[in-house]
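Q: One structure coming up, written as structure tokens, with questions to follow.
The values are calculated or read from the model by the stated rules, or taken from the named source; none is laboratory data. Computed from a prediction, not measured in an experiment: that's the story for all the values here. Note that we place each Cβ from the backbone using ideal geometry, even for glycine, and neighbour counts take in every protein chain shown.
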Amino acid sequence: MALRVIAGSLVRAGDLGMRRKWHADAYRWQCAIIPSMSEDDTIRMYDLVGGDEKLRELVDRFYDLMDLESGFAELRAMHPPSLEISREKLYRFLSGWTGGPDLYTPQYGQAFLRARHLPFPIGTSARDQWLTCMLMAMQDLGFDEDKQDVLLQAFFKTADWMRNQAS
């Protein structure tokens, strides 16, 4: 089954022979788009992740990997010594961003995501570290490749928009 993001939701598409695949090769990302047959069968990304419990597990594994793996040192350096608040903010943000309950706004106000990230030098290396860390977290939690692909497509768009440095 192929999936793609449509206005914050996912649409199932038949196997069209055209598969979007992400390749992490020295932190470089390539993407081809899966065409959709129909927009009738829509799934929220929140449900694709597995709801609240799985989203929390994903965020926790993401930050565990960031803290443990030396390949994410640049990304880790942008965070405070304790990752507790960062974990909670990402979990709350992703809940609403994926189509689940809006947990971020009532607690912290509007996300203004790009503005909140402007103080940090985010180039392609930091973006790719974030994406690779998230991919590894999804793999560690056993997300199948279709789920990984769909989520990475959405994450890539946002992560790339966060860049404020040329490299």
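Q: Being more than 25 Å from Ile43 (Cβ to Cβ) and of a type in the set (A, V, I, L, M) is the filter here; which residues of segment 112-157 pass it?
A: Selection gives Ala115, Leu118, Ile122, Ala126.
Q: I've got another one for you. Got a sec? Which helices (runs of 4 or more DSSP H) wholly within segment 58-167 have at least 3 residues that are buried (at least 17 other Cβ atoms within 10 Å of the Cβ), modelled with pLDDT of 90 or more and not β-branched (Val, Ile, Thr)?
A: Details: elements: 73-77, 84-97, 104-108, 113-117, 124-140, 145-162.
Per the criteria, 84-97, 124-140, 145-162.
Q: Can you say whether Val49 is in contact with a Lys or Arg (Cβ under 7 Å, 6 or more places away or on another chain) and under 12 Å from Met138 (Cα atoms), as far as the supplied structure shows?
A: Numbers: in contact with a Lys or Arg (Cβ under 7 Å, 6 or more places away or on another chain): no; under 12 Å from Met138 (Cα atoms): yes.
It is false that Val49 is in contact with a Lys or Arg (Cβ under 7 Å, 6 or more places away or on another chain) and under 12 Å from Met138 (Cα atoms).
Q: Could you give me the residue pairs with C-beta distances under 7 Å whose first residue belongs to segment 87-116 and is more than 20 Å from Met134 (Cα to Cα), whose second residue is small (Gly, Ala, Ser) wherever it lies, and which are 6+ apart or on separate chains?
A: Pro101/Ser95; Asp102/Gly96; Leu103/Ser95; Leu103/Gly96; Thr105/Gly96
Q: Any chance you could count how many residues in segment 108-138 are touching a helix residue (DSSP H, G or I) at 6+ places or on another chain (Cβ under 8 Å) and either aromatic (Phe, Trp, Tyr) or farther than 20 Å from Ala73 by Cα (or both)?
A: Of the residues in segment 108-138, 6 are touching a helix residue (DSSP H, G or I) at 6+ places or on another chain (Cβ under 8 Å) and either aromatic (Phe, Trp, Tyr) or farther than 20 Å from Ala73 by Cα (or both).
Q: Given (1) modelled with pLDDT of 90 or more; (2) over 17 Å from Ala137 (Cα atoms), identify the lone condition not met by Ala13.
A: Going through the list (1) modelled with pLDDT of 90 or more; (2) over 17 Å from Ala137 (Cα atoms), Ala13 breaks only (1).
Q: Which residue, of Lys54, Lys21, is of a type in the set (Lys, Arg) and either in a helix (DSSP H, G or I) or at pLDDT 95 or above (or both)? Spell out the reasoning first.
A: On the way: Lys21 fails: either in a helix (DSSP H, G or I) or at pLDDT 95 or above (or both).
Of the residues listed, the single one that is of a type in the set (Lys, Arg) and either in a helix (DSSP H, G or I) or at pLDDT 95 or above (or both) is Lys54.
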